[in-house]
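Student: I have a structure I would like to understand better, so I am pasting it below and will then ask my questions one at a time.
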Amino acid sequence: MTTNTSSENHPKTYNRKLAFQIFFGLLIVCLIVYSLYWMIESSHYETTDNAYVSAPQLQISAQVEGTVAAVLIGETQEVKVGELLFKIDNTESKIASEIADADLVKAIRSVRSNVLLAKVKKQELDRTKLDYERRFSLQGGGAAYSADELAHFKSQFDVAQISYAQALENADGILDLAQVANHPDVLRAEGMSKKAYVALLRADVAAPVKAIVARRSAQVGQRVSPGVPLATLVLSDVMWVDANFKEDQLSKMRIGQSVKLEADVYGSKVSFGGKVSGFSPGTGSSLAVLPAQNATGNWVKVVQRLPVRIAIDPEDLKKYPLRVGLTMTAKVDVRNAEGIALQSMQKNETMQTDLYEQQTIAAQGHVKKIISHASH
């Protein structure tokens, strides 16, 4: 009987040496490809996922004393410039403003009276001076006056001079009724009237900028005084990223370098454009309330991180809104080597409001009406 031997009964022998050669060959190829990628692309970028969204936070405080009469906002609500947030009972402020206005009217009328009196005294002085000079010029002529008579007219002239000087002093040298508003007493009363009227206006607490209400601290019926926090606003249109890079990542970083940002809330499909705008003057540990005491015997070196401020493209923010504290991934293109490392930002965009200037203008208009009414 003949036995047939087939390949099914004798499988191929596993070539272990060839397998290792293929594995190490592929490993070398991967290392070469990665090295080329790192030299061409990755070496020109510094990346960190220790980055968070930040924005200006404004604390709205009471500027007058009183009781909160109305709360017109809620947390997470967007408010516009000039929109009312709170109303503080203005009874006390209104009374104080009325008293200040009455004092202003009283000061104007008192000064007007002094000016009119000075004008009268000036006329008396001119009359007595003319009488004395006329009689004195007739000495030695046919209508000679005695020494006693001349002394009498001279005495009247001297008294008129003193009376006029006193009246002019009370009028602060003002003889024109149109200049009454320049008198120190009127100016002081005018300032007090403006101050009281501004306090009355500030009983209505308005938003100085467009923002989002992050936290509301005041409630109806709460007694507040100047400086007491009422709410915290966050500006949603002006945001940046504080990216915390390690020390060895900062040598090539410069202001103005472009940055690619990704937010965890939107995922990797959405990217934000940005630019390096500044570097913190110190690390988080050195600027903490209780900085680390490194001059100790048990010191252990820890790699520090420096916050780098990155400005976000406003157009990207409009399309994909962000909120304070959200996590970001920052990838900085360090190929632009212009400037020096850790250079300070030269100028930043200013933030301002004309809300308080408008209140000052309103107070000036209020005082002008009082002066105009009291002067007629």
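Student: Stick to the Cα atoms of the chain, pair each with every other, and give me the Kirkwood hydrodynamic radius in Å at one decimal.
Tutor: Hydrodynamic radius (Kirkwood, Cα only) of the chain equals 29.7 Å.
Student: If you don't mind, another one. Rounded to the nearest 0.05, what FRET efficiency is calculated for Q222 and Y356 with R0 set to 22 Å and r the Cβ-Cβ distance? Don't jump to the answer; show the numbers that get you there.
Tutor: On the way: r = 23 Å, r/R0 = 1.06.
The computed FRET efficiency comes out at 0.40.
Student: Where Lys and Arg each count +1 and Asp and Glu each count -1, what net charge lies around F24 among other residues with Cβ under 14 Å from its Cβ?
Tutor: With Lys, Arg at +1 and Asp, Glu at -1, the neighbours total +2.
Student: Roughly how far apart, in whole Å, are the Cα centres of the range 287-301 and the range 214-244?
Tutor: Cα centroid of the range 287-301 versus Cα centroid of the range 214-244: 33 Å apart.
Student: Counting other beta carbons within 10 Å of each Cβ, put K319, K301, K129 in order, fewest first.
Tutor: So the ranking, lowest neighbour count to highest, is K301, K319, K129.
Student: While we're looking at this one, here's another question. With point charges of +1 on the Cβ of Lys and Arg and -1 on the Cβ of Asp and Glu, referenced to the Cα centre of the chain, which listed residue (M351, V220, A196) lies farthest in the positive direction of the dipole?
Tutor: Most positive-ward Cα: M351.
Student: Here's a follow-up. Taking a 23 Å limit on the Cα-Cα distance, which of the listed pairs K80/K275; K260/K319; K106/K194 fall beyond it? Show your work: numbers first, answer last.
Tutor: Values: K80/K275 28 Å; K260/K319 16 Å; K106/K194 15 Å.
Result: K80/K275 exceed 23 Å.
Student: R305's amide H: which non-local residues (gap 5+, or another chain) put their own amide H closer than 5 Å, with H modeled 1.01 Å from N in plane and none for Pro or chain starts?
Tutor: G284
Student: Applying 1/(1 + (r/R0)^6) with R0 = 51 Å to the Cβ-Cβ distance of Q304 and R188, what FRET efficiency is obtained, to the nearest 0.05?
Tutor: Numbers: r = 57 Å, r/R0 = 1.12.
Calculated transfer efficiency: 0.35.
Student: Moving on to the next point. Please list 3J(HN,Hα) in residue order for the range 47-56, calculated via the Karplus relation 6.51 cos²θ - 1.76 cosθ + 1.60 where θ = phi - 60°; whole Hz, with x for glycine and proline.
Tutor: Result, rounded to whole Hz: 10, 8, 9, 8, 9, 9, 6, 10, 7, x.
Student: So how far apart, in nm, are the two label points at E338 and E169 if each is 7 Å from Cα heading toward Cβ?
Tutor: 7.1
Student: Here's something else I'd like to know. Before rounding to the nearest 500, sum -39500 (n - 2.57) across all DSSP H runs of length at least 4 in the chain and divide by the residue total; then give [θ] at 222 nm in deg cm²/dmol.
Tutor: -13000 deg cm²/dmol
Student: In vacuo Debye scattering of the range 192-296, one point per C-alpha: log10 I(q)/I(0) at q = 0.18 Å⁻¹?
Tutor: Normalising to I(0) and taking log10 leaves -1.08.
Student: Any idea how far apart A178 and N15 come out in nm if each label point goes 7 Å out from Cα toward Cβ?
Tutor: Going from the A178 label point to the N15 one covers 11.5 nm.
Student: Let me ask you something else. Give me the dipole magnitude in Debye, nearest 20, for the chain about the Cα centre, with unit charges on the beta carbon: positive for Lys and Arg, negative for Asp and Glu.
Tutor: 800
Student: Another question, if that's okay. Which peptide among 17-24, 309-316 comes first, and what is the full order, when sorted by highest mean count of other Cβ atoms within 10 Å?
Tutor: Top to bottom by mean Cβ count within 10 Å: 309-316, 17-24.
Rule-based calculations on the coordinates, nothing more; no lab input. Please read all numbers here as calculations on a predicted model, not as lab measurements. Glycine also receives a Cβ, built like all others from the backbone with ideal geometry; neighbour counts cover every protein chain displayed.
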